[in-house]
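Have a look at the structure below before the remarks.
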Amino acid sequence: MRVHEQTALARANCCDVRCVPLHSTPGFSLIELLIVLALLIVLSTMYFGFSSPSHQHNEQKDCGQNLQKLFLALEIYANDSAGKFPQTAGAKTSEEPLDLLVPRYTADTAIFICPGSKDSPLPPGESLTKHKISYAYYMGRRSGGTPSALMSDTQINTESKSADEQVFSTTGKPPGNNHHKYGGNILFSDGHVELSSTQASFSLVFTQGVVLLNSKP
């Protein structure tokens, strides 16, 4: 068989099986792969990053556990103080009365920092008045009776609030942004913790003799 006949036959066979040249298979270029990788990083950051709802939801759980640990110290203090929770005359911030808990009633100062906030860790057993904590405190409460708000994540202000009034940041900016713009925890005087949205999910009105103290700005 002549050479040109062999070539023609080979071409005919190629057409019959619809063969495609090896190098014509489509694939991703390096630039396309880098773009896909960048998109995955952005999406992961949005979903799992510090200010993401999923991240803050987990931090809210840890924050609630901190408040329950603080309640144990507060309750022991009240038992030693005729039922009164910590009070300091003329206090302007929550660090002042809550400093009465350290170190006798708790030396674990880590629980005064909300894990959802960007507040700096506290040295163990050191006075709170030298530092900033993450929580607001309703000074003037007593142990027992009808459960009332006792502590919370730092609020937008120190005013009494009815249900549906704003209590935490709606923008993710301070004040009241321990959990970005996803609400915060409220500790009640019977030891239970409830999660509230940025608008109060329940009444936070306080009576005469009770003042709300935020932490240092």
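Worth pointing out:
- Only residues that are crowded, with 18+ Cβ neighbours inside 10 Å and in contact with a Gly (Cβ under 8 Å, 6 or more places away or on another chain) were counted in segment 86-113, giving 2.
- In the set (1) within 15 Å of the chain's Cα centre (by Cα); (2) part of a loop (DSSP other than H, G, I, E, B); (3) within 28 Å of Gly83 (Cβ to Cβ), Ser120 fails one condition alone, (3).
Okay, residues lined up against (1) of a type in the set (Ser, Thr, Tyr); (2) touching a Gly at 6+ places or on another chain (Cβ under 6 Å):
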{"site": "Ala136", "(1), (2)": "no, no"}
{"site": "Pro147", "(1), (2)": "no, no"}
{"site": "Glu165", "(1), (2)": "no, no"}
{"site": "Thr171", "(1), (2)": "yes, no"}
{"site": "Asn178", "(1), (2)": "no, yes"}
{"site": "Tyr182", "(1), (2)": "yes, no"}
{"site": "Thr198", "(1), (2)": "yes, yes"}
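- Residue in segment 112-132 that is touching a residue at least 24 places away in the same chain (Cβ under 8 Å), of a type in the set (Phe, Trp, Tyr) and within 16 Å of His180 (Cα to Cα) present: no
- The one condition in (1) under 22 Å from Asp153 (Cα atoms); (2) modelled with pLDDT under 55; (3) assigned to a helix (DSSP H, G or I); (4) not basic (Lys, Arg) that Cys14 fails to fulfil: (1)
- Hits in segment 141-157 - residues which are assigned to a loop (DSSP other than H, G, I, E, B), surrounded by 17 or more Cβ atoms within 10 Å (Cβ to Cβ) and in contact (Cβ under 8 Å) with a residue 24 or more places away in the chain: Arg141, Ser143, Ser148, Thr154, Gln155
- Given (1) farther than 22 Å from Leu204 by Cβ; (2) at pLDDT 95 or above; (3) within 26 Å of the chain's Cα centre (by Cα), index of the condition Asn79 fails: (3)
- Of all residues in segment 158-168 being within 14 Å of Ser196 (Cα to Cα) and polar (S, T, N, Q), the one that is surrounded by the most Cβ atoms within 10 Å (Cβ to Cβ): Gln166
- Selection from segment 173-193 of residues that are surrounded by 14 or more Cβ atoms within 10 Å (Cβ to Cβ), assigned to a loop (DSSP other than H, G, I, E, B) and not acidic (Asp, Glu): Pro175, Gly176, Asn177, Asn178, His179, His180, Lys181, Tyr182, Gly183, Ser189, Gly191
- Residues being of a type outside the set (Phe, Trp, Tyr), on the phi > 0 side of the Ramachandran plot and in contact with an Asp or Glu (Cβ under 8 Å, 6 or more places away or on another chain) are entirely absent from segment 193-216.
The values are calculated or read from the model by the stated rules, or taken from the named source; none is laboratory data. What you see is a predicted model; the values in this text were computed from it and never measured. FYI the Cβ positions are ideal-geometry reconstructions off the backbone, even for glycines, and counts take in every protein chain you see.
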